Ligand SMILES: [Ca+2]
C-alpha cells in the first residue's frame with residue numbers, strides 16, 4: 001500500500017516518526033523543529049512505500065535541513081538497525097567530506113549485506129546543510145565510504161562492475177609480502193603512490209580476499225559464490241568468482257561460439273575467445289576499462305605496466321588462484337592460475 005503525499009507537502013506521520021527517531025542523536029537541535037521542513041520529491045524506497053513522502057520525480061531530494069550532520073547520521077544508524085535496507089546508504093554517506101565518524105562509533109558492521117539495498121545512496125552536503133538521498137543506478141559513480149574514493153561503474157550483461165581497479169589500503173613496498181595484520185595493504189607499481197592513483201593497487205591473493213576462504217559459483221545458472229567474498233571491496237561489493245569472470249567473458253563475446261570459447265569449468269586454461277580482450281581493455285566496447293596495470297612479481301619486483309594487466313578471482317587452486325589477464329598485443333583473454341604471491345589488480349563486482 002502506498003502512502004504518499006504530493007511533492008512539497010508535509011511528510012506522512014510514519015516518515016516523520018522515522019526521522020524523528022533518526023534525529024535522536026541530535027535531539028536538542030533537530031527533533032524540536034517541525035519536520036514539515038521536509039520537502040520530498042522521491043521515495044525512500046519503492047519496496048518500502050510506506051516511507052514515501054512523494055512520487056519519484058527526480059534522482060535526489062532534500063530530506064530536511066540539517067543542523068548537526070554528524071549526530072544526525074549517528075542517529076540514523078541507531079534508528080535504522082532494524083531497517084537494513086538503508087544502512088548501506090548511511091555507510092555511503094560516511095565518506096563524504098566533512099562527515100567524520102570513527103568506526104568505533106558505528107555499532108553495526110553492515111556485515112549483513114543480504115538485506116541491504118544498494119539502490120540508494122545518502123549524500124550529505126555540509127555546505128548546503130542538507131541530507132540528500134539519491135537513487136543509485138549501476139553506471140553511476142560509486143563512492144567508497146571508507147576513504148572517499150570514487151569509482152565509475154558499468155553494467156555488463158547482468159553484472160554491475162567497478163570500471164576502475166580498486167585502490168584501497170595502505171601502500172607497502174613490493175619487497176615484502178602482505179600479511180594478515182588487520183590492515184589492508186596494497187602495492188603501488190614501482191612503489192609509487194601516483195601509480196596507485198592511476199592504475200589502482202596491486203594485491204596478493206590472500207590480502208585481496210581479506211583472508212577469507214576460496215569459493216566459486218556452481219556454473220552458468222549460478223556464477224556467483226553462494227556467499228560471495230567481500231574481501232577488501234567496499235560493503236555491498238565482492239571479489240568476482242572464476243565463474244563470474246566467465247559470465248563477463250560471455251557477455252562481451254560476439255563470436256557466436258561463446259559457450260565453447262568460455263566454458264564453465266576449472267580445467268580450461270590459456271588464451272580464449274576472439275576479441276573479448278580488446279573489448280575489456282581501456283576504451284574497449286564493453287566499458288570494463290581494463291587497465292594494463294602490470295603486476296608485482298613474486299620476487300618483489302614490478303613488471304608489465306602498460307603491457308599487461310591481471311585480475312584475481314575468488315577461486316584458489318592449491319597455492320595458486322584463478323585469474324584473468326589482458327595483454328596489449330592480444331585481442332583475447334587469458335585464463336589460468338597464478339601463484340597467490342603475485343600482486344594483481346582487483347575489480348569489485350556488485351553483490
Ligand atoms: Ca594486511
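FYI, it's all coordinate maths here, none of it is from the lab. Everything numeric in this text was worked out from a predicted model, so none of it was measured. Neighbour counts run over all protein chains shown; Cβ positions are idealised from the backbone, glycine included.
How much of the calculated P(r) for region 194-250 lies past 14 Å, in percent of all Cα pairs?
Of all Cα-Cα pairs in region 194-250, 59 percent lie more than 14 Å apart.
Name all residues of region 316-335 having a backbone nitrogen under 17 Å from the label point set 7 Å from the Cα of residue 254 along its Cα→Cβ direction, giving them as ranges.
331-333
So how do 349, 155, 202 line up by other beta-carbon neighbours within 10 Å, fewest first?
Ranked by crowding around the Cβ, least crowded first: 155, 349, 202.
So if each residue of separation counts as 0.36 nm, and I subtract the Cα-Cα distance between residue 141 and residue 183, what length gain in nm does that give?
12.6 nm
Set the Förster distance to 25 Å, then compute FRET efficiency between residue 218 and residue 268 from the Cβ-Cβ distance, nearest 0.05.
0.90
Using the basic label-point model (7 angstrom from Cα toward the beta carbon), what is the residue 175 to residue 227 distance in nanometres?
4.0
For a quick protection proxy, order the peptides 180-188, 208-216, 320-328 by their average other-Cβ count within 10 Å, most packed first.
320-328, 208-216, 180-188
So how do 220, 289 line up by other beta-carbon neighbours within 10 Å, fewest first?
Lowest count first: 220, 289.
Note the full-extension length gain between residue 191 and residue 328 as 0.36 nm times their separation in residues minus their Cα-Cα distance, in nm to one decimal.
Here the answer is 47.1 nm.
If packing is taken as the mean number of other Cβ atoms within 10 Å per residue, what is the order of 270-279, 231-240, highest first?
231-240, 270-279
In Å, what Kirkwood hydrodynamic radius results for region 150-350 from the alpha-carbon pair distances?
16.4
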